[in-house]
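Written below as structure tokens is the structure these notes are about.
The values are calculated or read from the model by the stated rules, or taken from the named source; none is laboratory data. Here the structure is a predicted model, which means the values were calculated and not measured. Cβ placement follows ideal geometry from the backbone for every residue including glycine, while neighbour counts extend to all protein chains displayed.
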Amino acid sequence: MKTSRDFGLLRGIAAFLRVMGWIGLIVGVIAAIVLPFTPLPPFLRWTAAFLAVVGAIAWFVPMYGFGSVLHLLLDIQKSTELADLQPTPK
């Protein structure tokens with residue numbers, strides 16, 4: 001019979017990646033809000049704000065996605081392990 005494995009460190013890494021994704025998105029949105037009010041030339045202000053949003057999205061999607069995939073794989077492993085532990089009817 002299999003013994004249950006916790007994978008606590010891997011769950012922590014997955015949660016950390018998801019949190020880092022959200023932090024990057026929030027920082028990018030705040031930068032996009034603040035940048036148009038800086039003393040830069042107008043074209044540069046709006047370009048920097050646009051790039052801040054694009055960069056935030058480019059950071060958020062892979063970080064949050066990879067963290068979610070790790071959580072999904074761990075849930076599948078746990079479900080498979082629980083199914084193996086149940087007795088089969090004869």
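Look through region 11-64, keep the residues that are touching a Phe, Trp or Tyr at 6+ places or on another chain (Cβ under 8 Å) and of a type in the set (F, W, Y), and return whichever of them is surrounded by the fewest Cβ atoms within 10 Å (Cβ to Cβ).
Looking at the filtered set, the residue picked out is W22.
Tally time: how many residues in region 61-90 are touching a helix residue (DSSP H, G or I) at 6+ places or on another chain (Cβ under 7 Å) and of a type in the set (V, I, T)?
0
What's the number of the condition F7 fails, among (1) at pLDDT 95 or above; (2) surrounded by 14 or more Cβ atoms within 10 Å (Cβ to Cβ)?
Looking at each condition in turn, F7 falls short on (1).
Taking region 38-60, which residues are touching a helix residue (DSSP H, G or I) at 6+ places or on another chain (Cβ under 8 Å) and over 25 Å from F16 (Cβ atoms)?
Correct list: T38, L40, R45, W46, A48, A49, F50.
Do you know which residues across region 72-90 are over 15 Å from D6 (Cα atoms), without any contact (Cβ under 8 Å) to a residue 40 or more places away in the chain and part of a helix (DSSP H, G or I)?
Selection gives A83 alone.
For V69, indicate whether it is of a type in the set (V, I, T), surrounded by 12 or more Cβ atoms within 10 Å (Cβ to Cβ) and within 26 Å of G8 (Cβ to Cβ).
Judged against the criteria, V69 is a match.
Filter region 72-90 for residues that are of a type in the set (D, E) and over 15 Å from G8 (Cα atoms) and give the result.
Selection gives E81, D84.
Restricting to region 22-67, name every residue that is assigned to a helix (DSSP H, G or I) and over 23 Å from the mean Cα position of the chain (by Cα).
V34, L35, P36, F37, P42, F43, L44, R45, W46, T47, A48
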